[in-house]
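Nothing in this text is a laboratory measurement; each read-out follows from the coordinates by a stated rule. All of these numbers come straight from a predicted model, not from anything done at the bench.
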Amino acid sequence: MKYKPRIILFLLALPLLGFLLSFSIYVSSFSPSGTTELCLSGGDTCSSVMNSSFGEFMGIPMSLWGSFYFLWVLTLLFLIFKDWLPEDKAEHILMLTLGAGLTTSAILISAMIFVLKKLCGSCLAVHTVNIVLVASVLYFRNSWSSPN
């Protein structure tokens with residue numbers, strides 16, 4: 001199946017951007033100043049959010065989970081566009097993955113707003129990329145391919 005190049009580039013750029021943001025947050029957590037230098041909201045709000053009980057899952061930082069998630073989505077999209085996986089099965093896996101990612105973003109945004117009462121700008125940027133990614137895949141899902 002032939003895919004539309006502009007849609008492919010757009011859909012591949014979003015998980016790549018999400019990966020770069022997530023991984024830079026993860027890497028910045030090892031710096032002496034912590035994540036404050038990367039924080040888009042200023043101050044220590046990012047550090048306090050990332051050091052909260054919502055900052056890790058199974059002992060692994062959420063930023064690293066996010067990096068793995070965006071790499072997995074990028075890989076699935078790439079495999080779909082290259083026709084290396086059966087499109088229907090790969091799409092099912094992609095939709096399940098995106099559903100889990102969207103649910104996670106909703107939970108973490110809710111935790112920042114209602115539980116922690118602090119907003120991490122960098123985290124919100126990652127969640128925004130994820131929401132745009134999910135919406136874009138849903139929007140373009142039926143039109144990313146063109147008839148031969």
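So the values come out like this:
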{"item": "Taking the C-alpha atoms of region 85-140, convex hull volume expressed per residue in Å³", "result": "69 Å³"}
{"item": "Spatially proximal lysines relative to K4 (Cα-Cα < 22 Å; intrachain offsets below 8 disregarded)", "result": "K82, K89"}
{"item": "Contour excess over end-to-end distance, with Cα ends at L71 and L17 and 0.36 nm allotted per residue", "result": "18.4 nm"}
